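Written out below as structure tokens is the structure these notes cover.
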Amino acid sequence: MRIITSSAISLARRALPLVAALALAGCAHQPSEVAPAWPARLQQVLPADVLLLGEQHDAAEHQRLQREAVQWLAARGMLAAVVMEMAEQGGSTAGLPTDATEAQAQAALNWQDKAWPWAKYGPVVMAAVGAGTPVLDGNLPRSQMRATMGQAQWDAHLPAPALQRQYTEIRDGHCGLLPESQIAPMARIQIARDASMAQVATSALQPGKTVLLIAGAGHVWRSLGVPTHLGSGVKAQVVVAQAGGEADATHADADLLAPTPALPPRDACAELREQWKAAPRKP
């Protein structure tokens, strides 16, 4: 059995873009005149206890949007914390001085550069550190993933249609390479990751402020991801950055879209197949 890392999955899943229905949902927040520039557009979805910002992992423009969102919220005294999918739960920059070095921040977060290049996400982290806002690791620890695959209780978290949608995303995200017997176990990991990020975000809530959660787009969908694990008393707003192209999901799962230029064409599934062939097999 092999466990594919989150970063490898993201290469193939096309960031799980959203549909035209979702675009309509985004338009509902926009005035008839020219929409304001990012990040001022965040005013359309605030106030919120938790603001979930979904990205396409290989779109550099999306990390820029994240950094600017951190700066914009912090400058207004609105930012309670930043929770990131990109590091395993347990790390935090809380306690670091505002002039902490990047090396100090990486150590505090137990950052794994091979999985999540610091060159991409470091500017987001350091914007928060420089503003005196804690950055919290949100993802499920890798050490727990194998056990999670056998925990059938996660199957009951989502309604049946949403669970089937999760299965489809896992299947398509791995380009049909996963044996069918691994679809449900891999979905359990995905659901448990969402629960982990929700738990960390909830622990960081502050009255009158917003926790910014940064994750892949599939993790922030309202009917499928982290929002399903937040309590009914938590006001969550979802923003999805979308790199060009047309959306292909079927649910209005975001409150706002943040379009960015399309990326150069690539065959992500071909790349994943090559990784699959090169990866050592586990018994």
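We did not get these values from a lab; they are worked out from the coordinates using the rules stated. Small disclaimer: the values here were computed from a predicted structure and weren't measured. Don't worry about glycine lacking a Cβ; one is built from the backbone with ideal geometry, like all the others, and counts go over all protein chains shown.
Multiply the residue separation of residue 267 and residue 172 by 0.36 nm, subtract the distance between their alpha-carbon atoms, and state the gained length in nm to one decimal.
Computed gain between residue 267 and residue 172 is 32.8 nm.
From largest to smallest, what semi-axes in whole angstrom does the stretch 104-185 give when each is the square root of 5 times an eigenvalue of its alpha carbon gyration tensor?
The answer is 33, 15, 14 Å, longest axis first.
Please name which of 162, 117, 93 has its Cα lying farthest along the dipole of the stretch 77-192 towards the positive end, using unit charges on Cβ (Lys, Arg +1; Asp, Glu -1) and the Cα centre as origin.
162
What is the distance, in nm, between label points placed 7 Å from the Cα along the Cα-to-Cβ direction at residue 40 and at residue 114?
Result: 4.6 nm between the two label points.
Considering only the other residues whose Cβ falls under 10 Å of the Cβ of residue 236, what net charge follows from Lys and Arg at +1 and Asp and Glu at -1?
The answer is 0.
When the chain is fully extended, how far beyond the present Cα-Cα distance does residue 101 get from residue 143, taking 0.36 nm per residue of separation?
12.3 nm
Give me the one-decimal nm value for the distance between modelled label points at residue 164 and residue 60, 7 Å along each residue's Cα-to-Cβ direction.
Label-label distance for residue 164 and residue 60, simple model: 4.2 nm.
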